[in-house]
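One structure below.
The numbers here are math on the coordinates, done by the rules we state, and not lab data. All figures in this text were calculated on a predicted structure; none of them were measured in a lab. Note that each Cβ is placed from the backbone with ideal geometry, even for glycine, and that neighbours are counted across all protein chains shown.
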Amino acid sequence: MSIGPDDTRPSGGRPGTTREQCEALDAADPLAGFRAEFTLPDKGVYLDGNSLGALPVRTAERVREVVEEEWGRELIRSWNDAGWFEQPYRLGGRIAPLVGAAAGEVVVCDTTSVNLFKVLAAALRLRPGRRTVLGDGAAFPTDLYIAEGVTGLVGGARSVLLPSTTPEELERHLDGDVAAVVLSHVDYRTGELLDMAAVTAQVRAAGALMIWDVCHSVGALPVELGSCGADFAVGCTYKYLNGGPGSPAFLYVAERHQAAAEQPLSGWFGHARPFAFEPAYAPTGGIGRFLTSSPSLLGQAALGAALDVWERADLRAVRAKSLALTDLFISLVEPLDGVEVVTPREHHRRGSQVALRHRDGYPVVQALIERGVIGDFRAPDLMRFGFTPLYVSYAQVWDAAQQLAEVLESGEWREERFNRRGAVT
Ligand SMILES: Cc1ncc(COP(=O)(O)O)c(C=O)c1O
Ligand SMILES: Nc1c(O)cccc1C(=O)C[C@H](N)C(=O)O
């Protein structure tokens, strides 16, 4: 089977775009030049940037400089001379425009889970008469585990999981006991994008605080934490921002909360006078009070190099291409037998990935990976494909859809080696 206009489509199926048309789209793509800024396999299509972003070409050199020059040659002097102390703030300031925040509202530190622990605990303290934390039962589980952990430490607090995130369901649960709501801007499985402005307004109207997890939207689309009125947010940098495996995460605290917010991981980097070595904790002003420990400088160096690319990328162009790539992929794969497109078709409800339900999604993804098309699988039956506009081309989307059609048509995914459940990512 092949995809393209010569196919016999099931009724309702749209005629496909040809590969030549995709090549023409690539030739006119204003973001095409960014591809050369990443190290990518010569062959194949990488559609897993929603899990681990690709390696920016400049990263290795920047990390080498920090290792050999700042650390190796300058040693301890680099804390002051190379600006190591300021790095969490500086990187936060560079992420701020990508999430619609002011520079002093974002800081880079720790991991998404740890940062969620900090901001959720701070939110509970800001709403002392309230004890419920609402989360989405289908959220990436670490968020739910952290909500469980935080509420477990606060007398009388509880974590309640919503069966869905519709406005009606939220309304049903938003009573006077809800202190905070934690939701993902883009769902890690389905790719569904929530209306940040509307949800935030609804939550705040009920007197609760809104905490967004923007792991799957930062770098994929413009995020507007400030104008949407978000109270707190957390996000990772290893997906669309391309900071590297396990790269440091970030957190956002709206300026209006910074003076009163108190987070429980009160380590010395959040102290007003860390080098006075005082026995009692006294938080510093501003976003800095959300720091805990010494920054991980090598990880931060890699993130800095990745953010250099973002200085030049126009997020509106990224969003436009992301929607075009996902539209293209959906139109090419929706007629395939046994495939159900789970990701919303409406642009305003879609992030930058496409999730396809297939009964045998796991071995199908393994067979695709062997052919060089790298996506991933999320139980029980979702094949996930992430589209990163800085380095995925239209022709590659066409090739990936063609490979999927061939895998399904040939039935090669039935081979025993694709059905061994070894891989975990
Ligand atoms: C929505 C979401 N939140 C959090 C995480 C992970 O957090 P951490 O950086 O703590 O591993 C992920 C994926 O890894 C995620 O998809
Ligand atoms: N963060 C990951 C990791 O450290 C290892 C493997 C995968 C991941 C992921 O990013 C999973 C991802 N959050 C997801 O959307 O499923």
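Could you give me the ³J(HN,Hα) list for region 274-282, computed from phi with Karplus coefficients 6.51, -1.76, 1.60 and θ = phi - 60°, whole Hz, x at Gly and Pro?
So the Karplus estimates, Gly and Pro as x, are x, 8, 8, 6, 6, x, 9, 7, 9 Hz.
Under the rule of at least 5 residues apart or a separate chain, name every residue whose amide H is placed under 5 Å from the amide H of His271.
Residues meeting the amide H criterion: Thr284.
Given the peptides 264-275, 323-334, arrange them by the average over their residues of other C-beta atoms within 10 Å, most packed first.
Answer by packing, highest mean first, reads 323-334, 264-275.
Rounded, prolate or oblate: pick one for region 85-312, where a ≥ b ≥ c are the square roots of the eigenvalues of its C-alpha gyration tensor, a/c under 1.5 means rounded, and failing that, prolate if a/b is larger than b/c, else oblate.
oblate
So what is the relative contact order of region 85-312, in percent, for Cα pairs below 8 Å that sit 6 or more residues apart?
24
Cα gyration tensor of region 247-381, axes a ≥ b ≥ c as square roots of the eigenvalues: rounded (a/c below 1.5), prolate (a/b > b/c) or oblate?
Prolate.
Name the helices (complete DSSP H segments) of the chain with a Cα length along the long axis of 15 Å or more and a Kyte-Doolittle mean of at least -1.0, or state none.
Details: long enough: 112-126 (21 Å, 1.23); 141-153 (18 Å, 0.46); 297-312 (23 Å, 0.62); 315-333 (27 Å, 1.13); 394-410 (24 Å, -0.05).
The qualifying helices are 112-126, 141-153, 297-312, 315-333, 394-410.
Quick one: net charge of Ala379's neighbours, Cβ under 12 Å, K/R +1, D/E -1?
Local net charge: +3.
Loop-only check: which GluC sites (Glu not before Pro) in region 346-419 are DSSP coil with at most 14 other Cβ within 10 angstrom?
Passing both the DSSP loop test and the Cβ count: Glu346, Glu415.
Can you tell me how region 60-120 classifies by the Cα gyration tensor, rounded, prolate or oblate, using a/c under 1.5 as the rounded cut?
Prolate is the answer for region 60-120, as a/c is 1.5 or above and a/b outweighs b/c.
Find out how many positive minus negative residues lie around Gly244, taking Lys and Arg as positive, Asp and Glu as negative, among other residues whose Cβ is under 13 Å from that of Gly244.
For residues surrounding Gly244, the net value is +3.
For the ranges 281-290, 180-189, what's the packing order if you count other beta-carbon atoms within 10 Å of each residue, average per peptide, and put the highest first?
180-189, 281-290
Once the other residues with Cβ under 9 Å from the Cβ of Arg58 are scored (Lys, Arg +1; Asp, Glu -1), what is the net sum?
Spelling it out: positives minus negatives among the neighbours equals -2.
If you take all C-alpha pairs in region 202-321, what percent of them are over 17 Å apart?
Looking at region 202-321, the distances longer than 17 Å represent 65 percent of pairs.
Using packing as a proxy for protection, rank 100-107, 228-235 so that the peptide with the highest average count of other Cβ atoms within 10 Å comes first.
228-235, 100-107
Residue by residue, what Karplus-based ³J(HN,Hα) values in Hz, rounded to whole numbers, does region 74-86 have, using 6.51, -1.76 and 1.60 with θ = phi - 60° and x for Gly and Pro?
Calculated HN-Hα couplings, in order: 8, 6, 4, 4, 5, 3, 8, 6, 9, x, 4, 4, 7 Hz.
Express the relative contact order of the chain as a whole percentage, based on alpha carbon pairs under 8 Å and six or more residues apart in sequence. Kindly include the intermediate steps, with their values, before the conclusion.
Details: 827 pairs, mean separation 97.0, N = 425.
Across the chain, relative contact order equals 23 percent.
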